Structures are given as structure tokens and as C-alpha cells.
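Heads up: the structure comes next, in C-alpha cells.
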Amino acid sequence: MTTDHGLNINNLSMRFDLPNGGSVQALKNVNLNLKSGELMSVLGPSGCGKTTLLNIIAGFLAPTEGEIQLNASTVTGPSAERGMVFQQGALFEWMSVRENVGFGPKMKGTPRGEIRETVDHLLDTVGLGDFKEKAVYELSGGMQQRVALARCLANDPDVILMDEPLGALDALTREKMQSLVLKLWKETGKTIILITHSVEEALLLGERLLVMAPRPGRIHREYRLPFADLGVDQDLREVKKHPDYAEKREEILSMIWDMEEEIMGRMEAQS
Amino acid sequence: MSIFTQLISELLGILATFVMVLPYLIGYVLLIMLTLGIWRIVRRFMTPKQDFGALKTVTFGDESAVTSNSAASVISIALIFVLWGSFTGSRWLPSVLHMPGAFQGEAGFSYTIELPDGSTQDATVDVVVFGAGETPPKLSVDEGAQSAKNDGVAIQAYRNKLLKWDANDEFSRKDGAKIIAINGQSIALDGEVFVPNLRVAVTPKGTLNIEPNKGVQMEPIWLPAPEAVKDRLVEIATAGFKNFMLVEHLGYSLFRVIVGFFFGALVGIPLGYAMGLSDWFRGWFDPIVEFMRPVPPLALIPLVIIWAGIGEVGKIILLFLAALWIMAIAARAGVSGVRISKVHAAYSLGASKWQIMRYVIVPNSLPEIFTGARVAMGVCWGTVVAAELVAAEKGAGMMIMVASKFQQTDVVILGIILIGAIGFAIDMLMRWAEKIMVPWKGRG
Ligand SMILES: Nc1ncnc2c1ncn2[C@@H]1O[C@H](COP(=O)(O)OP(=O)(O)OP(=O)(O)O)[C@@H](O)[C@H]1O
Ligand SMILES: [Mg+2]
């Protein structure tokens, strides 16, 4: 079923041809619909095609089969309506924090005064009001990811794609950033797809949670979860005390464990 | 003899030289250790430095704990000057530090001749050794009453002189007279004896070869004293050298480097960008660049001289070629080194290709380009000096080449010092520019 609004992924497959003549089926027959304003987290063992999926949505890769539609138009390449937040190292270190955040509007030719306003507002929102003129390499990892979030939001995209955005942060910073992501989601009402390796993060930051399985990369299971909505105005530590939380966590953890063991078993059988 | 045996014999000669030099090297290392020991003792009486490094217990093997000790640098440079002054008898050093110099002043000896009839006679030789540049003193010698007459001779320091002792004698070598002793020490043809401050030898033909003691100092023609170099600097700076002022010589060298480098960068950077951004350009220029890169610019000098002559154009073409490949490779590396996530991020933020180029690829490549520019400037400076050694009317290299032909060692050493100082200054300037222009280098 497809709708005119939101993101539609139709029968998507991706095969990488390897130089040695072989090929890797990174994705096979992936179907997915995201309504506008939905927050979806994606989990899965390493190599199951999460990054590949995100790169295809972003338009950096063309799928071998199937197509992606955003608001009823087919994705053919990268564009400003699909913003990206990378794990790290995607900020422009030759620009100040302000210039980084204002990059998107500047490319569009937005008047300076307007850019200034947007940037000031966004940096205040992510808590970097005092760091606007700093160089990005002077900031900590957590602050840099705040800049990356603000930079993405400054462009006002329809969909925000995040590939392990908090993966390089320490546990404490990470928790603060998780709250920030929820806050921004609620405030802006953006459609967000967030890839993570942490089951807890996937539970907390997913209105919908997608578990993918490898070889070939495919959707294994999907959950609808209440925790993201709860986390919007609650302390995340309180959310974790929710009776369903521990149960879901165990369920998903063992699911991923099983997949990992299967992979290991297959590798052993091969060798 | 085959090339192989030739090379082996060359190698043996080199090894022999190395073995001869080895004790000096070891002595130098021991001297370094000695100063280290002294420094440690001195430091014990000073307040210990209070930085983090002082609290590290593991320093051996911790690269960050090894910073250049500036005391050692100062001592090392001072030692070079002390050694230099000591072996050249510099006026800047107290004479206790001087190595024994060449003998100057009055000396003498007596010789004994034997006549065919078996009788012997004695006569004396007065020797006056005078310094280079002094006028040889006139000697007045009392020839004495005996038939072997006394002689006198003036010799310049570091030179030797043959003395026909029998020229004024009543019996000459033709008559069968021959020297049998010097200062009472017996001597035969082709023998030698040492008397105070002199070495006296008898040549196979029977004349005397008198050589004043040379000491262990260097003759100015090999190594002038530091003050001589300084005096020469003042002289050349005010009066010029070979028709051109010192600033002209150095200015021309610098001018060639800057212009050659500028055009090299002007062509090389876009070339590198093209190679980094287009597979066709990469394929087109890869073989050319990869071939030209290992060709030392010096090897191009003959060809450039044949094609463009020895004027400015030839030199600038040479430096252009020296800088071109380095800059092209640096720009190519700068473009290929861009993190794909930065480019992806820029596309997702709505940047066009041109905007990606302007705001991402160019700034991202600047650190590499600056590193390349530093290397290129160093290579250009070395190349220009070498090119001027081969052929030039003015320039730092020409200065030392011409000076060496006239044995003006002080100019040669002065030139080397100036060339080194300018090269060092260029590198410092490039580092400084790098710090100002690309503060984000290595921090992405
Ligand atoms: N450019 C490529 N060429 C060949 N194979 C590729 C390429 N990109 C990805 N793959 C393969 O596709 C599969 C999925 O890769 P992908 O990076 O999407 O996994 P992932 O789920 O993001 O893994 P991780 O959790 O480690 O980031 C892997 O087996 C990978 O080896
Ligand atoms: Mg990935």
C-alpha cells in the first residue's frame, strides 16, 4: 500500500558486484512506508545493509531494483529534502560552527539576515548558543554532533536520515543527545530514520523499530513502541523503568544474538 | 677489470676512510655524553621544571616525552663555532683554546758534511718562517770561516723549501761532498730528521728539503677563521662580488625560486584538481606525472640549458618543472583525500557541483597543498643553487662556484651559510603561513 505523503520504499533490492566476479546481495525486496512525522529506528547485525538502505534513500546509491518515493516523487539523487547526519567527521572543519549550520541555506541563496536568524535559533535550541563563532575542531564529540543536527535542521528537510549519529559518543553524552533527538523530533515534526547498534537506543528513539537480517539484507521484524512518545517529556531513565521496556529489550537482544550466531555458524561452515 | 671488482675496490677505499674517521665520530659522541653528564649535574642545582612531562615516569619510548632540549642545541651550535675557531686560530677565541698552529718565527739547525777524503765539516742554516701575506724577510747570514758556509732561508708558513746548501760552499756535491748528519743526528739520502719546529729531509739528489711544522690548525685556504668569513660578508655586502652586490646575488636566486614556484603552483594545482576529479585527466597525466616525479630536477639542467640557454628563462623553466609535479601531486592528494561523508553531507544540504568544489573540495585540499608547497619551495631552493653552480651570471650558487675557482674559501663558506639560512627562513615562513591559512590542518 502506498500513500502520497511520506516515504515509500517499494521492493528495493541492491546487489554489489565485486571485482572478483562475485556479488553481495546487500538488500533484497525491502518494502517500507513511513508517514510524515514518523520516527523509525533501525537495528540489525553488522553488514545487514542498514547503511546501504540509508544511502539509497539519501540518493547516494541507485538500487538495482525497486524505487523510493518521497511525497510521490521518485528519488534519483541527493537533495536538500533528505538531510543526512553522519556518525562523525562530516562537519566542515574550515568553517566556524555558525558557517557549518548556515551552509544549507547559503547554498540555496537565502538572504544573510535570514540565515543568521535561523542559525542563532537552532544553535540555541541544541544548546550551543555560546559556541557560535568557535571552530568546529575546538568542540567535543557531543557538541560536534549537535552542530551536525542543527546543520541538518537548518535546511528544513522533509526526512532526516541518521547513520549511527551517536555511535562515537560516551554513554552520558549519548543519553543527553538521545533526549535532544526526541525533543527536536517533537518540535519539528520531521520524519526521521535512525540507524543504531544499540538496542536500548533503538527502543528509546523508535516510534517504529525495524530489525533487519543479513544475507541477504531484509526486514526481519517491525515493532511499534510507546517509549519514544513517553521520552519526549520524561527522563529517559524513567522511560526505561516502563514494564514493557525490559521485556522488549530482552526479546530483541536475543533475536539479534541468534542472527549473529547464525552468521558465525555459516562462516565456520564455509571455512 | 670488471665493474664489479672496480666497485669492490672503491668500497674498500671508502671503508678505510670510514675506519679512519670512526675514532673522531666516537670522540664526538663521547663529547655529547660528557656535556649531557655536566648538564645533568648543573640542572640538579637549578629548580626543576614543573610541567606535566616532569612527572612522567616512562619517558624512554614515549615519543611525546622527547622534546628537543634547547640547552643541547645551544651547546651543539656553540661547539661547532668553538671547534671552527679553535682549528683556525680565530681571534674570537682566547688563544688557550687554539689548536697548535703552524710554526712562525726563527729556527735553525746545523748540518755536517763529509768530504771524499773522509774529513767532516759543520755549517748552520738559519730559518725564518713568515706568515702568508707577509713580505719575506731578508736574512743576513754570517757565512763563517770554514769551507762549508752557513746558509739562511725564509719560508712561508705551510710551505716548504729546497735548500741547495752547497751553493755557497767551497766543496759542492759534484766534488763528492754529502750531508751525513743534521744537528748531530745522522741522515742518509732520502732520509729525514725532526729538529725543533722543522722537518728536514735530504732529497735523493742530496739537497735539503726544509718544512716548518704545520701544527694541526687548518690553513685559511682550506678553512678560513670565522672572523674572516664575517669580514668577507661585510665586504661583499658593501662592495659586492664579481660585479654584483650581495643582495643582487641572493635576490636573483630568490626571485627565480618565487617566480618558478608561482608558475609551478599556478599550473600544478589545477592539474592536480583535474586529476583528482576526472578519470580522463587522471589517466592522461598519471603516466607523465609518475614518470617525471622521480626525475630529479637537476637532471634536467643540461636539457634546459640546451633549449633555453643560461638566462633567466631557462632557470625559471627548471624551477617551474621542479615545483609543477610536486604541486600537482599534492593537489591530487588533497582532492582524493576528501572524506566522502563531507561530500555526501554537502550534496544533502543542497550544494551544486560547483558549490561542492568551492566550499568543500578546495578548502579540504588546502592543507595538502600547503604541505606540497613547503616541499616544493625546499626543492626549488636546492635546484636554483645547483643550476647557478652550473651556469649563471649572478646568484648564490654562482657566487660560491666562482669563489671556489679562485680558492676564496671564505666566500664559499659564507655562501653556504647564507644559502642554508635562506632555505631555513623559507621553510619557517611556509610553516607560519600554514598555521595562519589552514589552522584546521590535521584536525578534521
Ligand atoms: N560499495 C560496496 N561494494 C561492495 N560491497 C558493499 C559495498 N557497500 C556495502 N557492501 C556490502 O553490503 C553489505 C551491507 O553493507 P552495509 O554497510 O550496508 O551494512 P551495515 O548494516 O550498515 O553494517 P554496519 O552495521 O557494520 O554499518 C555488506 O556485506 C557489505 O560488505
Ligand atoms: Mg553501516
Self-check item: From the C-alpha gyration tensor of region B:1-117, square roots of 5λ in Å
Solution: 47, 30, 12
Self-check item: Neighbour net charge for A:Lys176 - beta-carbon separation under 13 angstrom, K R +1, D E -1
Solution: 0
Self-check item: Pairs of lysine residues in region B:227-437 - Cα separation under 26 Å, sequence separation of 8 or more or cross-chain
Solution: 11
Quiz item: Using the membrane-span-like helix rule (whole DSSP H runs, Cα extent along the own axis of at least 15 Å, mean Kyte-Doolittle hydropathy at least 0.0), which helices of chain A qualify?
Solution: A:141-154
Practice problem: Could you check which residue among B:Val21, B:Val379, B:Val411 shows the biggest mean-square fluctuation in a GNM of chain B with a 10 Å Cα cutoff? | Solution: B:Val21
Self-check item: In region A:94-177, the GluC sites (Glu not before Pro) that fall in loop regions by DSSP, at most 12 other Cβ within 10 Å
Solution: A:Glu133
Quiz item: Quick one: Karplus J couplings for region B:144-158, per residue in order, coefficients 6.51, -1.76, 1.60, θ = phi - 60°, nearest Hz, x for Gly and Pro?
Solution: x, 8, 6, 6, 7, 7, 5, 10, x, 8, 10, 10, 7, 3, 6
Quiz prompt | A:Ala62 paired with B:Gln6, simple spin-label distance in nm, labels 7 Å along Cα-to-beta-carbon | solution = 6.3 nm
Exercise. Please give the contour-minus-distance gain from B:Ala386 to B:Thr67: 0.36 nm per residue of separation, less the Cα-Cα distance, rounded to one decimal in nm.
Key: 111.4 nm
Exercise. Apply the Debye scattering formula to the protein assembly as shown, with a single equal point scatterer on each alpha-carbon and no solvent, then give log10 I(q)/I(0) at q = 0.06, 0.10, 0.12 Å⁻¹.
Key: -0.65, -1.14, -1.30
Quiz prompt | Within the protein assembly as shown, percent of DSSP bridges classed antiparallel, to nearest 5 | solution = 70 percent
Quiz item: Running Debye on region B:227-437 with equal point scatterers at the Cα sites and no solvent, what base-10 log of I(q)/I(0) appears at q = 0.10, 0.11, 0.13 Å⁻¹?
Solution: -0.52, -0.60, -0.77
Quiz prompt | Proximal charge balance of B:Ala373 [Cβ under 13 Å; K/R count +1, D/E count -1] | solution = 0
Self-check item: For A:157-163, mean number of other protein chain Cβ atoms within 10 Å
Solution: 1
Quiz item: Angle, helix B:312-336 long axis vs. longest principal axis of chain B, Cα atoms, 0 to 90°, nearest 10?
Solution: 50 degrees
Practice problem: Tell me the label-point distance for the pair B:Ala425, B:Glu227, using the 7 Å Cα-to-Cβ offset, in nm and rounded to one decimal. | Solution: 2.6 nm
Quiz item: Between B:Trp92 and B:Leu31, what length comes free when the chain is fully extended (0.36 nm per residue of separation minus the Cα-Cα distance, one decimal in nm)?
Solution: 19.7 nm
Quiz item: Pick from B:Gly372, B:Gly251, B:Gly37: which is most flexible by mean-square fluctuation in a GNM of chain B where alpha carbon atoms under 10 Å apart are linked?
Solution: B:Gly37
Quiz item: Taking the Cα atoms only, what angle lies between the long axis of helix B:226-239 and the longest principal axis of chain B, rounded to 10 degrees?
Solution: 70 degrees
Quiz item: Among the lysines in chain A, how many pairs, 8 or more places apart or on different chains, have alpha carbons under 18 Å apart?
Solution: 9
Quiz item: With Cβ to Cβ distances under 12 Å as the rule, what net charge do the other residues near A:Glu93 carry (K, R +1; D, E -1)?
Solution: +3
Quiz prompt | Long-range amide H partners of B:Ile187 with built H, under 5 Å | solution = B:Ala181, B:Ile182
Quiz item: In degrees, nearest 10, range 0 to 90: what is the angle between the Cα axis of helix B:409-437 and the longest Cα principal axis of chain B?
Solution: 20 degrees
Quiz item: In what sequence, highest mean first, do A:191-199, B:65-73 appear when ranked by Cβ atoms within 10 angstrom?
Solution: A:191-199, B:65-73
Quiz item: Considering every residue in B:349-356, what mean count of other chain Cβ atoms within 10 Å of its Cβ is obtained?
Solution: 5
Practice problem: For chain B, just list the percent of Cα-Cα distances falling in each 10 Å bin from zero outward, please. | Solution: 4, 13, 15, 18, 19, 13, 8, 5, 3, 1, 1, 0
Quiz item: So what is the 222 nm mean residue ellipticity for the protein assembly as shown from helices alone, if each DSSP H run of at least 4 adds -39500 (n - 2.57) and you divide by all residues, rounding to the nearest 500 deg cm²/dmol?
Solution: -16000 deg cm²/dmol
Practice problem: Using a Förster distance of 56 angstrom, determine the FRET efficiency expected from the C-beta separation of B:Ile416 and B:Gln146, and round it to 0.05. | Solution: 0.50
Practice problem: Starting from the eigenvalues of the Cα gyration tensor, five times each then square-rooted, give me the equivalent ellipsoid semi-axes of chain A, largest first, whole Å. | Solution: 31, 23, 18
Quiz prompt | By average C-beta atoms within 10 angstrom, highest first, the peptides A:52-65, B:111-124 | solution = A:52-65, B:111-124
Quiz item: Where the only charges are on Cβ atoms (+1 Lys, Arg; -1 Asp, Glu), what is the dipole of chain A about its Cα centre, to the nearest 20 debye?
Solution: 420 debye
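None of the figures in this text is laboratory data; all of them are computed from the coordinates on show. Keep in mind that what you see is a predicted model, and the values were worked out from it rather than measured. Positions of Cβ are generated from backbone atoms using ideal geometry, with glycine treated the same way; all protein chains shown enter the neighbour counts.
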